[in-house]
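K.L.:
Please find one structure pasted underneath; my questions will follow.
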């Protein structure tokens, strides 16, 4: 039953992402090893959306280590646990909660022994800036702890670069880069753990910066972004090359001419109540990193519910055929809008 539930959730989330993003590019899936323990490590720019993209685009059963504060609600905890999300406690969750991590670490060792995959974001938080921030050493404690308990295990870290044309927008584009495996076993020195941690962190950080657009200058970040068309950020190799030559380039003046879109108007009229919910929720979102996630959640919950309520009304008034024509056209209009929106 658990497998069926997780398969249903994965397919439903994939469909939701297909309707939410204009295009999702996936690169390097061939780098994910088979028959080995895998530790996915990604940059963290876009809140929950990052995890959804990673977990729905690889074929390994993946367990996500997430901030413990999202597990406080018992209902959320049950739901998140059912889709392989594990709480990771930090000092901000309360110093007394840190002892709970030991059980999470032991569970993580068990999963790695079973050749499952773990996912973690070592930057420790999310940020919309297009750069790789300083990474913590928490992930090294897990992978090295797993090898201490089972020296015969083979663990590969797969660095992941997540890149967005516009991380907060609906109908934008995303690119997921699965990097080449980093063998944890080659970095593990039982009698020199400090150096092992230092070298593994450095290699992971280096690989993440190759898979992600990395703007080093934090203070001038927003000015540097103006030198790029948004789609350029989907190719971190070219984007990082361009960053080396900004002195010979000029900022790009974005076009603000959108024009009238009749399809957009039709979708807005047909989706009045879900969009009203979004309008009410938007001012309450304190962190911009959650904007895309909230839009996506509204899209996969309230939009379908509202459309099916309207279908039942149309069916009652005009018959079953009219109801089904309405529901098909409703979803089709949203899909066409997503794939054609500028």
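The values are calculated or read from the model by the stated rules, or taken from the named source; none is laboratory data. All of these numbers come straight from a predicted model, not from anything done at the bench. With ideal geometry, Cβ positions are generated from the backbone for all residues, glycine too; neighbour counts draw on all protein chains shown.
K.L.:
For segment 54-89: of the residues being within 19 Å of residue 127 (Cα to Cα) and out of contact with any helix residue (DSSP H, G or I) (no Cβ under 7 Å at 6 or more places or on another chain), which is modelled with the highest pLDDT?
P.N.:
Checking each candidate, the answer is 54.
K.L.:
Is it the case that some residue within segment 302-318 is under 23 Å from residue 17 (Cβ atoms), modelled with pLDDT of 95 or more and not in a helix (DSSP H, G or I)?
P.N.:
no
K.L.:
Looking at segment 246-253, is at least one residue surrounded by 11 or more Cβ atoms within 10 Å (Cβ to Cβ) and part of a helix (DSSP H, G or I)?
P.N.:
yes
K.L.:
So which pairs qualify, if the first residue must be in segment 212-241 and closer than 22 Å to residue 170 by Cβ, the second must be exposed (fewer than 12 other Cβ atoms within 10 Å of the Cβ), the Cβ gap must be under 9 Å, and the two must be at least 6 apart or on different chains?
P.N.:
So the pair list comes out as 229/254; 230/254.
K.L.:
Okay, moving on. Show me the helices (runs of 4 or more DSSP H) entirely contained within segment 46-165 in which 1 or more residues are surrounded by 22 or more Cβ atoms within 10 Å (Cβ to Cβ).
P.N.:
Qualifying helices (runs of 4 or more DSSP H): 47-55, 101-113, 138-149.
K.L.:
Among the numbered criteria (1) within 30 Å of residue 20 (Cα to Cα); (2) part of a loop (DSSP other than H, G, I, E, B); (3) touching a helix residue (DSSP H, G or I) at 6+ places or on another chain (Cβ under 7 Å), which single criterion is violated by residue 239?
P.N.:
If we test residue 239 against (1) within 30 Å of residue 20 (Cα to Cα); (2) part of a loop (DSSP other than H, G, I, E, B); (3) touching a helix residue (DSSP H, G or I) at 6+ places or on another chain (Cβ under 7 Å), just (2) comes out false.
K.L.:
Output the residues belonging to segment 319-336 that are under 29 Å from the mean Cα position of the chain (by Cα) and either in the same structural domain as residue 170 (by TED's automatic domain parsing) or outside any helix (DSSP H, G or I) (or both).
P.N.:
none
K.L.:
Got at least one residue in segment 83-92 being in the same structural domain as residue 217 (by TED's automatic domain parsing) and more than 30 Å from residue 295 (Cβ to Cβ)?
P.N.:
yes
K.L.:
Also, I was wondering about something else. Kindly indicate whether any position in segment 245-263 is touching a helix residue (DSSP H, G or I) at 6+ places or on another chain (Cβ under 6 Å) and touching a residue at least 40 places away in the same chain (Cβ under 8 Å).
P.N.:
yes
K.L.:
For segment 174-190, state whether one or more residues are part of a loop (DSSP other than H, G, I, E, B), surrounded by 20 or more Cβ atoms within 10 Å (Cβ to Cβ) and at pLDDT 95 or above.
P.N.:
So far as segment 174-190 goes, yes, one or more of its residues are part of a loop (DSSP other than H, G, I, E, B), surrounded by 20 or more Cβ atoms within 10 Å (Cβ to Cβ) and at pLDDT 95 or above.
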